[in-house]
Amino acid sequence: MTAISDRLFRPLVAALILFVTASAAAFGLDDVAARASSLAARPYKAAAANMPTQLRELDYDAYRDIRYRPEKALWRAEKLPFELMFFHQGRAVPESVRINVIEPSGEHAVAFDPALFDYGKNKFEPQTLSGIGFNGFRVHYAINKPGYKDEVVVFQGASYFRAVGKGQLYGLSARGLAVDTAASTGEEFPRFVEFWIERPRTSATALTIYALLDSRRVAGAYRFVLTPGVETTMQVTARLYLREAIGKLGLAPLTSMFAFGENQPGRDDYRPEVHDSDGLSIQLGDGEWIWRPLVNPRRLLVTSFGTTNPRGFGLMQRDRSPASYEDPEALYDRRPSAWIEPLGNWGAGRIELVQIPTPDETNDNIVAFWVPESLPAPGKPLDLSYKIHWQAAGTVPAGKGWVVQTRRGRGFARKADGDIQYVVDFDGPALRSLAAATDVEPVIWVDANAEVRERNLFKNPVSGAWRMTVRIKRNDAAKPVELRAYLKQQQSTLTETWSYILPAEADKP
């Protein structure tokens, strides 16, 4: 290249970079928020039904036989680090969503085309599918090995989405918003109705996704910055507008499944445990860490933890041993934990845990979210920012021990006395360094419906963890019992707080 042509080339490249940057910056959260504000100012309009009968009547297996053609993935031909594939509208998720991409040349809608799909054994005439669309999409990026783009996040159905990190399989889900979950008036399910996805650069390690949410009583704008990896993260920025007053608004909601586990034995199932998550982890605003093991109750069970400016919460899958599940197909030991890290001050409110009865593992029955103490008036914005960490082991207290298992049951007893016993193991580097003979003691509290009959603590010579046993006598079996415990050494708190709810006897086997 001559000196003259080089002088011409460099300004041209600089101008092109400036154009691409300006085009990407031309669309942002404020644009989506303006649409959300406009929606909230008008009466809600539900999505129109647009599916042909033959598509609406497909059963589960027939719908799963409709697959996106991988070679048609968006951005594959350009060999960009991220690729998009789309889900066909169907009976499980009947509503279509509008999907746009933000390119250097501007905003462009992704048009539905039957040629993008392999219909398997289903026989459709392409012309009968005109007028339908996509009901979601998935993002692919290489996190497990170079050269192969793994499916790392899915947006599909209402405001649901789920993600994985390296070596993980899909498990629990997140949602954009929860409205009146477990309320007597019934739950409202807001829906992402439109998406905008920024075209990534050739060296991109993150992908930005915008979403417009709408429902009968609320509209909202979202920005998701997805960064896949060993721990996949999603930075979420939301601006919400209420159409009318809402009884309970659940922010940063997580949804999971707990069928049974070590703290709830007795199932006629060869598998010891079946769950996507085994506990709710919380760091309150004052710094206290709480661990609440999950249960599958006989009746709806709603509990909460009040705090100001929470430091984080999440539904965790702490048990990572395949032997705990004995399920080489479901591989529950590889399901991710999800930790919500608030960005900025959230003010006063509560972290609420909803546990719903389920007969098996086909239903998500666990929900956790943040409920603010107060909400803005209809039409006024509510801003929220947080980061979701899709993890393996999950976030645990720094410098303290944590609960690694909770077991219910007693060893040999000559005569049944109606007592209930829990065996709780605490572990972690801070505890491992303590000698077995040190002056570590359990601090145990039970509510007025029970009395502590026996307590013990010792360092397990087999596992190295500290094992606490607590045996209680419940006064009234028709009422629940709340228990709390932690380990201390003199005036130092050594562990997080084990917080357990024993449901009323009629509620639990």
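The values are calculated or read from the model by the stated rules, or taken from the named source; none is laboratory data. What you see is a predicted model; the values in this text were computed from it and never measured. All Cβ positions, glycine included, derive from the backbone under ideal geometry; neighbour counts span all protein chains shown.
Couple of notes before you dig in:
- Restricting attention to region 432-469, the residues that are in contact with a Ser or Thr (Cβ under 9 Å, 6 or more places away or on another chain) and either of a type in the set (S, T, N, Q) or outside the structural domain of GLY409 (by TED's automatic domain parsing) (or both) total 1.
- Top-ranked residue of region 439-456 - restricted to ones that are closer than 25 Å to ARG318 by Cβ and out of contact with any Lys or Arg (no Cβ under 7 Å at 6 or more places or on another chain), ranked as surrounded by the most Cβ atoms within 10 Å (Cβ to Cβ): VAL440
- Taking region 179-238 as the region of interest, the strands (runs of 3 or more DSSP E) fully inside it that hold 1 or more residues being surrounded by fewer than 19 Cβ atoms within 10 Å (Cβ to Cβ) are 191-198, 218-227.
- Of all residues making up region 428-479, the number that are polar (S, T, N, Q) and within 17 Å of GLY411 (Cα to Cα): 3
Here is a yes/no grid of residues against (1) in contact with an Asp or Glu (Cβ under 9 Å, 6 or more places away or on another chain); (2) surrounded by fewer than 20 Cβ atoms within 10 Å (Cβ to Cβ):
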| residue | (1), (2) |
| --- | --- |
| GLU352 | no, no |
| THR358 | yes, yes |
| SER374 | no, yes |
| ALA393 | no, yes |
| GLN405 | yes, no |
| GLY418 | no, yes |
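- Evaluating TRP466 against the criteria (1) at pLDDT below 95; (2) surrounded by 14 or more Cβ atoms within 10 Å (Cβ to Cβ); (3) touching a helix residue (DSSP H, G or I) at 6+ places or on another chain (Cβ under 9 Å) leaves one unmet condition, (1).
- Test: residue in region 444-451 that is of a type in the set (Val, Ile, Thr) and within 19 Å of PRO265 (Cα to Cα): no
- Any hit, region 95-118, residues being free of Cβ contacts under 8 Å to residues at least 24 places away in the same chain, among the charged types (D, E, K, R) and under 22 Å from TRP75 (Cβ atoms): yes
- The residue list TRP339, TRP346 contains one member that is more than 18 Å from the chain's Cα centre (by Cα) and buried (at least 18 other Cβ atoms within 10 Å of the Cβ), which is TRP346.
- Check on GLY131, on the phi > 0 side of the Ramachandran plot, among the small types (Gly, Ala, Ser) and outside any strand (DSSP E or B): yes
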